[in-house]
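The values are calculated or read from the model by the stated rules, or taken from the named source; none is laboratory data. What you see is a predicted model; the values in this text were computed from it and never measured. Positions of Cβ are backbone-derived with ideal geometry, glycine not excepted, and every protein chain shown enters the neighbour counts. To get the accessible areas, we keep the full protein, side chains included, count just its heavy atoms, and leave off ligands, DNA and RNA. Shrake-Rupley method; radii C 1.70, N 1.55, O 1.52, S 1.80 Å.
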Amino acid sequence: MIKKERIDVADVIRGLAVLGIVLLHSLEHFNFYSYPGTESTLLQFSNKAIWDSTSFLLAGKAYGIFALLFGFSFYIQDSRQLEKGNDFRLRFMWRLLLLFLWGQINAMFFTAEVLVLYAVTGFVLPLFARCSNRTLLIAAAIMMMQPLEIGEMIYAIFNPEYVAPKSLDSQFWGTAYMVQSSGTFIETAKMNLWEGQLASLAWAWENARFFQTPALFLLGMWMGRRKLFTCSEKNIRFWLATAGCALVLFFPLRGLEPMLKEFVTNSAVASPAILIVSSLYKFAFMMLLVSAIVLLYYLTSLKKFLDKIIPYGRMSLTNYITQSVIGSFIFYHWGLHLSLNYTYSLFVGIGIFVAQYIFACIWFRNHKQGPLEYIWKRATWLSCSK
């Protein structure tokens with residue numbers, strides 16, 4: 001009999017990542033950047049402090065953790081099917097098509113959702129599923145280094161006349177903002193399913209996500225193979241070393257970004273260089289966060305406290321989509337259309353999290369999976385046979 005134990009620390013990390021996403025999205029008004037002014041010095045200070053600290057801690061990191069664990073989850077599913085003598089790869093491709101549909105549902109409410117990107121880039125997992133660990137790390141490293149950006153930078157260095165093409169996503173964001181400001185739900189959903197998706201995918205392409213995301217998928221699969229999320233002396237040493245390396249890499253890379261902006265005058269060279277550096281220091285900081293959570297979980301008395309987030313992490317798909325529904329209703333014109341500054345928006349995000357967390361705790365009293373997770377699993381294993 002195959003033992004199917006969940007790895008609790010992975011659910012803890014996943015839950016904290018989804019919490020980070022809802023807090024950041026609430027500050028961004030779910031990509032509807034409309035805020036009231038204030039004359040209060042205290043409120044101005046708190047707004048800036050909340051925005052700067054949250055952006056520093058979560059922007060580009062929460063999604064990175066989510067992607068890392070997506071690859072890890074694929075490994076768990078694939079390895080369990082291999083133990084049964086089944087090849088999960090084709091079934092996973094069907095699962096990605098289902099994820100694409102989940103992304104369309106989510107996109108009806110939230111401009112710039114990420115599930116469609118995962119569905120598109122997730123095919124890298126079955127493609128590399130039978131490759132060696134060394135191949136996984138090499139492929140992940142190549143993609144993490146942004147080969148297209150490196151190529152563009154080199155081309156611009158040797159061709160000073162080269163002018164980088166204009167941003168693809170800006171025109172779509174303008175359309176999105178107008179509809180978010182005054183549109184009905186039907187108008188907003190229609191816009192989100194076309195201009196919103198184009199804006200999201202164009203932004204992902206221009207901000208290194210089309211290479212960084214599959215790189216994190218592969219890294220997560222590699223971590224699963226190495227069983228790095230289980231507790232052992234060897235793994236503790238790995239996470240301590242990872243935290244140390246991440247610290248060493250983060251600070252010089254973070255300091256290099258403003259230097260590139262100041263001293264590289266050719267924008268066709270500076271833009272890809274800055275993008276490469278920023279994606280790398282965000283990855284380093286993300287790995288520092290993951291390492292810190294794992295070490296706190298296994299080495300300190302905080303384990304009991306962190307365990308409380310497990311129900312929220314087990315319901316990540318449900319939480320991710322429902323927070324889009326709730327958030328768009330709160331901030332978009334078709335709903336309450338609340339105009340809040342960063343400080344109050346943070347409380348909205350906390351409120352959404354608390355409501356979802358309470359629901360998750362109640363739900364798991366009588367169910368083994370979240371509602372959308374259950375539907376996704378059942379649809380994954382649909383059979384054409386009678």
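On average, how much accessible surface per residue is there in the chain, in Å², for a 1.4 Å probe, leaving out ligands, DNA and RNA? Present the calculation step by step, with values, prior to reporting the outcome.
On the way: 19140 Å² over 386 residues.
Per residue, the chain has 50 Å² of solvent-accessible surface.
State log₁₀ I(q)/I(0) for segment 1-142 at q = 0.09, 0.20 Å⁻¹ as given by the Debye formula over alpha-carbon point scatterers of equal weight, solvent excluded.
For segment 1-142 at q = 0.09, 0.20 Å⁻¹, log10 I(q)/I(0) is -0.40, -1.34.
What relative contact order, as a whole-number percentage, does the chain give when Cα pairs under 8 Å and 6 or more residues apart are counted?
The normalised contact order for the chain reaches 32 percent.
Fully extended, how many nm does the chain gain between R80 and K304 (0.36 nm per residue separation, minus their Cα-Cα distance)?
Taking R80 through K304 to full extension adds about 77.8 nm, to one decimal.
What whole number of Å gives the distance from the Cα centroid of segment 347-363 to the Cα centroid of segment 1-64?
14
Under a Cβ-only charge scheme (Lys and Arg +1, Asp and Glu -1), can you give me the dipole magnitude of segment 213-325 about the Cα centre, in debye to the nearest 20? List each step's numbers first, then the result.
Values: 12 positive and 4 negative charges, 99 e Å.
Here segment 213-325 has a charge dipole of around 480 debye.
What length, rounded to one decimal in nm, is gained on full extension from R91 through to L137, with 0.36 nm per residue of separation minus their alpha-carbon distance?
14.1 nm
Considering only C-alpha atoms, what is the centroid distance from segment 212-229 to segment 150-182, in Å?
Rounded to whole Å, the Cα centres lie 31 Å apart.
Between F56 and F347, what length in nm is gained on full extension when 0.36 nm per residue of separation is reduced by their alpha carbon distance?
Working: separation 291, 0.36 × 291 = 104.76 nm, distance 1.84 nm.
Full extension from F56 to F347 adds 102.9 nm.
With a 1.4 Å probe and every protein chain kept in, tell me what percent of the accessible surface of the chain is carbon plus sulfur. Display every interim value, and only then the final one.
Numbers: 13010 of 19140 Å².
C and S fraction of accessible area: 68 percent.
If you average 1/r over every pair of different alpha-carbon atoms in segment 145-255 and take one over that average, what Kirkwood value in Å do you get?
Values: mean 1/r = 0.0552 Å⁻¹.
18.1 Å is the Kirkwood radius here.
Kindly give the semi-axes, whole Å and largest first, of the ellipsoid equivalent to segment 291-379, taking each as the square root of 5 times a Cα gyration tensor eigenvalue.
27, 20, 11
Using only DSSP helix segments of four residues or longer, with each worth -39500 (n - 2.57), what per-residue ellipticity at 222 nm results for the chain after dividing by its residue count and rounding to 500? The partial results should precede the final answer.
Numbers: 19 runs with 283 residues, N = 386.
Helices in the chain give a 222 nm mean residue ellipticity of -24000 deg cm²/dmol.
Taking the Cα-to-Cβ direction at E233 and at Q104 and moving 7 Å from each Cα, how far apart do the two end points lie in nm?
About 5.4 nm, to one decimal.
Loop only per DSSP, at most 15 neighbouring Cβ atoms within 10 Å: give me the trypsin sites (Lys or Arg not before Pro) in segment 1-108, ordered by residue number.
K3, K4, R6, K84
What is the spin-label model distance, in nm, from F158 to E373 if the labels are put 7 Å beyond Cα along the C-beta direction?
According to this spin-label approximation, the distance is 5.1 nm.
What residues of segment 330-368 lie in the reach of a label at L42, counting those whose backbone N is under 18 Å from a point 7 Å from the Cα along Cα→Cβ?
341-347
Just how many % of Cα pairs in the chain lie over 40 Å apart, if you round to the nearest whole percent?
Details: 10906 of 74305 pairs.
Here the tail beyond 40 Å accounts for 15 percent of pairs.
How long are the semi-axes of the equivalent ellipsoid of segment 212-256, taking √(5λ) for every eigenvalue λ of the Cα gyration tensor, in whole Å from largest down?
23, 17, 5
What are the equivalent ellipsoid semi-axes of segment 74-167, built from the alpha-carbon gyration tensor (square roots of five times its eigenvalues), in whole angstrom, biggest first?
They are 33, 22, 8 Å, listed largest first.
Find the relative contact order for segment 259-386 and round it to a whole percent, using C-alpha pairs within less than 8 Å whose residues are 6+ positions apart.
Across segment 259-386, relative contact order equals 22 percent.
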